[in-house]
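Notes follow the structure.
The values are calculated or read from the model by the stated rules, or taken from the named source; none is laboratory data. Only a predicted model underlies this, so the values are computations on that prediction, with no experimental measurement involved. Quick reminder, even Gly has a Cβ in these numbers, built from the backbone with ideal geometry, and neighbours come from all protein chains shown. Side chains are part of the model used for accessible areas, which takes the heavy atoms of the whole protein and leaves out ligands, DNA and RNA. Shrake-Rupley method; radii C 1.70, N 1.55, O 1.52, S 1.80 Å.
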Amino acid sequence: MKLTLEEQDMLNGKYGNATRKAMEILITLGDIFDAEFMIDVYGVQIAGVSYANLGEAGLEFLSEMAVDGKVRVLTTLNPAGMDRENWQALGIDKEFAKNQNRVIDAFAKMGIITTCSCTPYLIGNSPHFGQHLAWAESSAVCYANSVIGARTNREGGPSALASALTGKTPNYGYHLDENRHSQVLIKVNVPVQETDEFGVLGKIIGDKLVKLGKKIPFITGIPSATVEELKSFCASVATYGGTALFHMEGITPEYDKYPKPSDIVFEINQEDFEKTRSELIDDDLEIDFVSIGCPHASIHEIAKIASLLEGKNVKKEFWITTARPTKRIADEAGYSKIIEDAGAKFAADTCCVVAPINGRFKGIMVDSAKACYYGRAKNKFKVKIGSIEECIEEAIK
Ligand code: F3S
């Protein structure tokens, strides 16, 4: 790779050991993917924050990088394994909390903003169209590339951290125009609305894309979509299809920038929709846990939850997972009091997937197709998808 003088200095250790290591990681990545040079990134999102995933080996790597590493660009974190203020109320044990805080402290030492959210674009790590990023977290990557029109590859924890410490990423993959063209045309013939339905749609498309070899889809037939619906769709299509970029006619900013694929590869009808929805509802289900906020709930979703819960009492464990800055807005607006008075709990900084709650509940109801996938695969819960209204009905009945 061709390096600038500054990049060469980073590699030679002029800016310290962590920066040197970071540059080595990026050069290795660039060599693998035939990048010719590095580009500057506007911001970084780091995943792999839960102590449950990192363990002592991951923490040791972070602590080593934190000795002299300092971030050069705006950098935020994915959800951690617990609510940093309210972990006891969520049943997290003391030992885990201690170790999780050691992880967060190492990130903080490097100058990373320890917000712990998978929706950085809702809380200030908000790139604009065309900006280059180095984001980890598959749902956020898909949202950044597709909905915002920014450019990022799907980074892993170490490469995202390396970009944070250098402000650089190798120029390959989704950073290049030629890799952002849509390859398959998908026609949606059913009306889709609300986060749960966009999640179901993401699973249908994701499952098909896996069979087609993970192509970039061009999706037609969706007349409108809210931010919340798109974040749910991104999480789902990234989970089931490994998709990091899609174009949606009339909705995403690059839909008419590149040539549109001419043949319709598949159409989605009511029957496909119902069939896939039923795959996200297990048999013999006993729901004892309801969770909304995968990806992290927006203030708009929290306002809706508050209006539905006002004056009611929840009978089941009920989490609203969100970013702490969003929770603070909810506090100021009075939504948190209504929600907590009803007996529901906020789980800021974390979520029902990354928190160490494997096996703690029998069945979970969510409005997210991604949470269904990991609820089963990681936490061994039975699952049911439903709208936010249906989740709340389940929680209070
Ligand atoms: Fe976010 Fe957790 Fe879902 S990280 S996308 S809320 S699985």
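Residues in segment 310-333 that are away from the ligand (no atom under 16 Å from the Cβ), open to solvent by 10 Å² or more (accessible area, probe 1.4 Å) and either assigned to a helix (DSSP H, G or I) or not basic (Lys, Arg) (or both): GLU310, GLY311, ASN313, VAL314, GLU317, ARG328, ILE329, ASP331, GLU332, ALA333. Count of segment 334-357 residues, restricted to those that are more than 14 Å from the ligand (Cβ to nearest atom) and part of a loop (DSSP other than H, G, I, E, B), is 4.
If you scan segment 35-86, which residues turn out to be in a loop (DSSP other than H, G, I, E, B) and within 16 Å of the ligand (Cβ to nearest atom)? Selection gives ALA47, GLY48, VAL49, SER50, ASN78, PRO79, ALA80, GLY81, MET82, ASP83, ARG84. Among the residues of segment 206-221, those identified as part of a loop (DSSP other than H, G, I, E, B) and in contact with a strand residue (DSSP E or B) (Cβ under 6 Å, 6 or more places away or on another chain) are LYS215, GLY221. In segment 305-327, the residues that are within 15 Å of VAL290 (Cβ to Cβ) reach residues that are of a type in the set (Lys, Arg) and in a loop (DSSP other than H, G, I, E, B) with C-beta atoms within less than 8 angstrom, at least six apart or across chains, in these pairs: LYS315/LYS397. Considering each residue of segment 107-161, count those that are part of a loop (DSSP other than H, G, I, E, B) and closer than 26 Å to PHE33 by Cα, and give that number. Counting residues in segment 107-161 that are part of a loop (DSSP other than H, G, I, E, B) and closer than 26 Å to PHE33 by Cα gives 13. Criterion applied to CYS116, CYS142 was being within 19 Å of LYS345 (Cβ to Cβ) and within 15 Å of the ligand (Cβ to nearest atom), and the one residue passing it is CYS116. For segment 236-264, filtering for residues that are closer than 17 Å to ASN153 by Cα and touching a Gly at 6+ places or on another chain (Cβ under 9 Å) leaves 8.
Which condition does THR226 not pass, out of (1) more than 22 Å from LYS327 (Cβ to Cβ); (2) more than 14 Å from the ligand (Cβ to nearest atom); (3) of a type in the set (S, T, N, Q), if it passes all the others? With (1) more than 22 Å from LYS327 (Cβ to Cβ); (2) more than 14 Å from the ligand (Cβ to nearest atom); (3) of a type in the set (S, T, N, Q) applied to THR226, the lone miss is (1). For segment 222-268, the set of residues classified as surrounded by 15 or more Cβ atoms within 10 Å (Cβ to Cβ), assigned to a strand (DSSP E or B) and at pLDDT below 95 consists of VAL265, PHE266, listed by residue number.
In the condition set (1) β-branched (Val, Ile, Thr); (2) more than 19 Å from PRO295 (Cβ to Cβ); (3) modelled with pLDDT of 95 or more, THR75 is compliant with all but (2).
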